[in-house]
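Structure, as structure tokens:
The values are calculated or read from the model by the stated rules, or taken from the named source; none is laboratory data. Since the structure is predicted, the reported quantities are computational estimates derived from the model, not experimental observations. All Cβ positions, glycine included, derive from the backbone under ideal geometry; neighbour counts span all protein chains shown. To get the accessible areas, we keep the full protein, side chains included, count just its heavy atoms, and leave off ligands, DNA and RNA. Shrake-Rupley method; radii C 1.70, N 1.55, O 1.52, S 1.80 Å.
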Amino acid sequence: MITKMIEKIVAKIEKLSELFGSISSWIILVLIFSTVYEVFSRYMLNSPTIWSFEISYMAVGCIVLLGSALTLKQGAHIRIDLFYSNLTERKKNLINIFGYLILYIPLGIWLTYQLSLYAYEAFQTGEQSGESAWNPIIWPYRLVFSLGIFLLTLQSIAEVIKNIATLKMSTSNINE
């Protein structure tokens, strides 16, 4: 009963990671369009845009942060493999659990909270970027940062659950 409920929670977290990973892949089109338009406008029309630079860095930030949970789910994050690759699956699971529970999840919770406050403050004050003549409001971008870290933290929790389940399965196989 509890196991099925936990499996459903992990499945929902992973669906969320996939959804926002998919959204981040579509944002790449915004980045491509703005870059191509800027190059065309600057060099063919001799009329550079005032918005392309900010759209570009905001799009890249959104792509990275919204896609990070899916990247974790797929095991595609960069890992220093000097020793890790030579470990047994059991030791890898234990290291993963330790890393997520002791290092990342507390940090992710704190970062989500702090970035949410940062976005809220920008919303309240109507803060603008100050990076270009376009000078857009910045709170939506900061909110995406908070959301991205939150999704990564949720996926980290799912990874802990999956690692624990793998450990339990390997222990039960040994005992049989």
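Put a plus charge on the Cβ of each Lys and Arg, a minus charge on the Cβ of each Asp and Glu, and nothing anywhere else: the dipole of the chain about its Cα centre is then about 620 debye.
Give the calculated FRET efficiency between L87 and S47 to the nearest 0.05, with a Förster radius of 45 Å applied to their Cβ-Cβ distance. That gives a FRET efficiency of 0.20. Packing here is the average count of other Cβ atoms within 10 Å per residue, and on that basis the peptides 76-86, 48-58, highest first, run 48-58, 76-86.
The alpha carbon radius of gyration of region 75-121, expressed as a multiple of 2.2 N^0.38 Å, is 1.57. A probe of 1.4 angstrom, applied to the heavy atoms of all protein chains, finds T88 with accessible area near 80 square angstrom.
Charge dipole of region 89-158 (Cα centre as origin; +1 on each Lys and Arg Cβ, -1 on each Asp and Glu Cβ, all else neutral): 460 debye, rounded to the nearest 20. Anyone know which of F20, F40, F123 comes out most mobile in the 10 Å Cα GNM of the chain? Highest fluctuation of the listed residues: F40.
Give me the angle, in degrees from 0 to 90, between the Cα long axis of helix 89-98 and the longest principal axis of the Cα atoms of the chain, rounded to the nearest 10. That works out to roughly 60 degrees. Only one residue of F40, N135, C62 has its Cα farthest out toward the positive end of the dipole of region 8-139, where Lys and Arg carry +1 and Asp and Glu -1 on Cβ, and that residue is C62. Here are several values of Rg/Rh (Cα atoms, Kirkwood Rh): (i) 0.95; (ii) 1.10; (iii) 1.22. Which one was derived from the coordinates shown? Computed from these coordinates, Rg/Rh (Cα atoms, Kirkwood Rh) corresponds to label (ii).
The equivalent ellipsoid of region 9-57 has semi-axes of 35, 8, 4 Å, largest first, where each one is the square root of 5 times an eigenvalue of the Cα gyration tensor.
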